[in-house]
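For reference, the structure discussed in these notes is given below.
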Amino acid sequence: MPQPYSVRESKRAKYVSLRISSVGRLEVVVPLGFDRATIPRIVAKKQSWIDRVQQKLAQHPTQQDQGLSGPFPNRLELAALGQTWQVEYCPTQSLDVAPSVYPQQHLRLLGAVDNWFLCQTELKHWLVSQAKRQLIPRLEALSQETGLSYAGVSVRSPKTRWGSCSATHSINLNSKLLFLSPELVRYVLIHELCHTVHFNHSREFWSLVGNFEPHYLDLRQALRAGHHQVPHWME
């Protein structure tokens, strides 16, 4: 019986690639104008690899919702943005893993997706890029709103702090903030901006925080449980 598959033309594709979704469906990606009559022969040449991947997926039916096997997330709940991203894992013959963004908040990881370390690394990198795109403008807007300036900003994924401010007024934000509510994110940004005036947690510091966020005590308490909103694979 011929191997079933779907064909998708891509403007970015320079050569033919085979991708298998987390539920075992084969997709053949070809450059624009590619001669489709040659596709069956290409698929036949890769049949042993296709069978091997599909058999591996079939052996883990209870784990397919998680992507393949292991701690693979099938969605990302980015509360700070009010977004839920669906995550799909598509095996290819690449030895690396690369993310690809599709419409309607759909993220695909392509490549050696049975390697959790590679998937985890790419997911973290993608989240850092999202945090830079979303959190830095919010910090700038709050800086304008409060009149508190900063020297620079960076986004990383440290294990502990949600944010920090250096003695030179450079602010570092944690990409894990994306998993928190907008209110908590705003509080963290205000907290770090206030450190540009008071490089401590003195009474004057908290008074300044209270000027811009009257409910800071409740938010401060809620933030202590914020790590429960962060997926374990981000640790």
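The values are calculated or read from the model by the stated rules, or taken from the named source; none is laboratory data. Just so it is clear, the model here is predicted, and its values are computed rather than measured. FYI the Cβ positions are ideal-geometry reconstructions off the backbone, even for glycines, and counts take in every protein chain you see.
What the table shows:
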{"read-out": "Residues of the range 138-163 satisfying the condition of being polar (S, T, N, Q), touching a helix residue (DSSP H, G or I) at 6+ places or on another chain (Cβ under 7 Å) and at pLDDT 95 or above", "value": "SER143, THR146, SER149"}
{"read-out": "Given (1) within 30 Å of LEU118 (Cα to Cα); (2) modelled with pLDDT of 95 or more; (3) touching a Leu at 6+ places or on another chain (Cβ under 7 Å), index of the condition PRO182 fails", "value": "(3)"}
{"read-out": "Any chance ARG203 is within 26 Å of the chain's Cα centre (by Cα) and either closer than 18 Å to LEU78 by Cα or assigned by TED's automatic domain parsing to the domain that holds ILE136 (or both)", "value": "no"}
{"read-out": "Failed item in (1) touching a Leu at 6+ places or on another chain (Cβ under 9 Å); (2) at pLDDT below 90, with ILE42 passing the rest", "value": "(2)"}
{"read-out": "Any hit, the range 96-114, residues being crowded, with 18+ Cβ neighbours inside 10 Å, over 30 Å from ARG52 (Cα atoms) and not charged (D, E, K, R)", "value": "no"}
{"read-out": "Residue in the range 149-167 that is in a helix (DSSP H, G or I) and either in contact with a strand residue (DSSP E or B) (Cβ under 8 Å, 6 or more places away or on another chain) or touching a residue at least 24 places away in the same chain (Cβ under 8 Å) (or both) present", "value": "no"}
{"read-out": "The range 193-205, residues that are assigned to a helix (DSSP H, G or I) and surrounded by fewer than 23 Cβ atoms within 10 Å (Cβ to Cβ)", "value": "ARG203, GLU204, PHE205"}
{"read-out": "Pair list, Cβ under 9 Å, 6 or more apart: the range 99-117 residue under 16 Å from LEU78 (Cα atoms), other residue crowded, with 17+ Cβ neighbours inside 10 Å and of a type in the set (Val, Ile, Thr)", "value": "HIS106/VAL87; LEU107/VAL87"}
{"read-out": "Residue satisfying condition, being under 18 Å from CYS90 (Cβ atoms), charged (D, E, K, R) and in a helix (DSSP H, G or I), within set ARG19, ARG12, ARG52, ARG41", "value": "ARG52"}
